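Q: Please read through the structure below; I'll follow up with questions.
The values are calculated or read from the model by the stated rules, or taken from the named source; none is laboratory data. As the structure is a prediction and not an experimental result, all values here were calculated from the model. No Cβ is skipped: glycine too gets one built from the backbone with ideal geometry, and neighbour counts run over all protein chains shown. Please note that ligands, DNA and RNA were not included when accessible areas were found on the heavy atoms of the full protein model with its side chains. Shrake-Rupley method; radii C 1.70, N 1.55, O 1.52, S 1.80 Å.
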Amino acid sequence: YYKVLVGDEKMDRSYINNKDKEITAYHEAGHALVAKKVDKENRVTKVSIIPSTKGIGGFSLNIPSDKIYRTKKDICSNIMIALGGRAAEEIIFGKDNITTGASSDLEKATEYALSMIGNLGMDEDYGLINYNVLLSNDIKDNRILLERAKKILEDLYLETIDLLNNSREELENITKALLLKETINEEEINSILKNELTANN
């Protein structure tokens, strides 16, 4: 299943320097931690910083709970999970040192936001309009949709930053585990989160 999803692990990893490995670890830890924090029913079955033959530098596999329908909250949570890697990079390394590693994540987040606004009628400001109908009737005020999507993504990104800042110790501990083992499973992530919860009580 993992091979189909992300490809085979690259056997030769000698070209990866320690800094890149650290960036990947924080990035993937950010995804995993946000997934666990925004929805207790989310399963994060595997997190890895091993690059794959499909060109992926690492991955965090998040499996949401089975539902027939997705709520607006679910979609916002998915956006935050997608932004979790970039948010972790910014927190740890600073705004000027964010990397290209979030390109596919930003693509996903943008798709979620546009779908929520333009197709599903879930945005209070944009209302119940379906953007596909506007396009088919040659009504093309892209600026309104663009500005609204930008605002939603910015707000959820700030919320993701706050979430990770408030869970800094957990972020560090997941990252340490990844740097030590390269791949961790759900049981190990849950153990890290449980230990932090116990330590804080």
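Q: Over segment 17-58, calculate the relative contact order: mean separation of alpha carbon pairs under 8 Å at least 6 apart, over the residue count, as a percent. List each step's numbers first, then the result.
A: Numbers: 28 pairs, mean separation 15.0, N = 42.
Relative contact order here is 36 percent.
Q: Follow-up. When the chain is fully extended, how far beyond the present Cα-Cα distance does Lys151 get from Ser191, taking 0.36 nm per residue of separation? Walk me through the numbers before you get to the answer.
A: Working: separation 40, 0.36 × 40 = 14.40 nm, distance 3.58 nm.
My answer for the length gained is 10.8 nm.
Q: Distance from a point 7 Å along Cα→Cβ of Lys181 to each backbone N in segment 60-92: keep the residues under 19 Å and list them by number.
A: So the set is 60-63.
Q: Using a cut-off of under 14 Å, list every residue of segment 49-91 whose amide N is near the label point 7 Å from the Cα of Ile16 along the Cα-to-beta-carbon line.
A: 49-60
Q: Whole Å is fine, so just give me how far the alpha carbon centre of segment 91-108 lies from that of segment 27-68.
A: Measuring centre to centre over Cα atoms gives 16 Å.
Q: Over 22 Å between Cα atoms, which of Lys36/Lys73; Lys40/Lys95; Lys108/Lys181 qualify?
A: Working: Lys36/Lys73 15 Å; Lys40/Lys95 29 Å; Lys108/Lys181 28 Å.
Result: Lys40/Lys95; Lys108/Lys181 exceed 22 Å.
Q: From largest accessible area down, sort Asp96, Asp155, Asp123; use a 1.4 Å probe on the protein chains.
A: Greatest to least solvent exposure: Asp96, Asp155, Asp123.
Q: Give, rounded to the nearest 20 debye, the magnitude of the charge dipole that segment 35-158 has about its Cα centre when Lys and Arg contribute +1 at Cβ and Asp and Glu contribute -1 at Cβ.
A: Details: 18 positive and 18 negative charges, 92 e Å.
That gives segment 35-158 a dipole magnitude of about 440 debye.
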